[in-house]
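Structure first, commentary second.
The values are calculated or read from the model by the stated rules, or taken from the named source; none is laboratory data. Because the structure is predicted, anything quoted here is derived from the model rather than measured. FYI the Cβ positions are ideal-geometry reconstructions off the backbone, even for glycines, and counts take in every protein chain you see. Only protein heavy atoms, including side chains, enter the accessible area calculation; ligands, DNA and RNA are left aside. Shrake-Rupley method; radii C 1.70, N 1.55, O 1.52, S 1.80 Å.
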Amino acid sequence: CQNISVQLDGSGSVNVQASQIDNGSTDACGIQGFSIDVEDFNCSDIGTNGVVLTVQDLNGNTSTCSAVVTVAEPIAPDATCQDQTIYVDANGQASITAQEVDVGSTDNCAISGLSLSQSNFDCSDIGLNQVTLTVTDGSGNSGNCQANITVLDTISPIIIDCPADITVSSNQ
């Protein structure tokens, strides 16, 4: 037997053949076939997995050995963003979450995290701001996309300590 490393495909699966595990098995009378106990791997198998190779000769005799199949998932998530408009509050603050910017990002296995390059804004950010959404999967692969966050201030100023009405008489 020999240990091998394989990579999941875009659908999150990979098939391993017994011939990939065999490392030169022989028999004096000839080999009829090879088989392994686990051939199909998916996202739940990322990491190391034990398999058993069985070799059968032409006379029905069998021999087994163990090997390790290391499954890796090298495909980065497909990050998909949408632009947003947000409004500062009475304190001049506004915020947005990564989930509000994400618009259906995908991965062949599963997304484990979303983050934004900037999620908090204030009056100095009024106008157009470009942020980066980073989408990470369980294998540490990441994908990015950019979104435009428009920050607006629609709150009118408040006048404090305005004097009361004043009556003025005119002397003509």
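For the reader, a short list of remarks on this structure follows.
- When residues of the range 142-172 are limited to those that are polar (S, T, N, Q) and out of contact with any strand residue (DSSP E or B) (no Cβ under 9 Å at 6 or more places or on another chain), the one nearest to residue 12 (Cα to Cα): 156
- Within the range 62-79, the set of residues being part of a loop (DSSP other than H, G, I, E, B) and more than 30 Å from residue 151 (Cα to Cα) comprises 73, 74, 75, 76.
Quick grid of which residues meet (1) closer than 28 Å to residue 113 by Cβ; (2) among the polar types (S, T, N, Q):
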{"position": "1", "(1), (2)": "no, no"}
{"position": "36", "(1), (2)": "no, no"}
{"position": "52", "(1), (2)": "no, no"}
{"position": "70", "(1), (2)": "yes, yes"}
{"position": "76", "(1), (2)": "yes, no"}
{"position": "83", "(1), (2)": "yes, no"}
{"position": "86", "(1), (2)": "yes, no"}
{"position": "96", "(1), (2)": "yes, no"}
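- Flag not set for residue 125, criterion: farther than 23 Å from residue 76 by Cβ and open to solvent by 70 Å² or more (accessible area, probe 1.4 Å).
- The residue that is nearest to residue 45 (Cα to Cα), counting only those in the range 67-101 that are surrounded by 15 or more Cβ atoms within 10 Å (Cβ to Cβ) and in contact with a Cys (Cβ under 7 Å, 6 or more places away or on another chain), is 73.
- 3 or more residues free of Cβ contacts under 8 Å to residues at least 40 places away in the same chain, under 30 Å from residue 13 (Cβ atoms) and among the aromatic types (Phe, Trp, Tyr): qualifying strands (runs of 3 or more DSSP E) within the range 80-135: none
- Residues that are farther than 30 Å from residue 42 by Cα, open to solvent by 50 Å² or more (accessible area, probe 1.4 Å) and among the polar types (S, T, N, Q) within the range 102-122 comprise 117, 118, 120, listed in sequence order.
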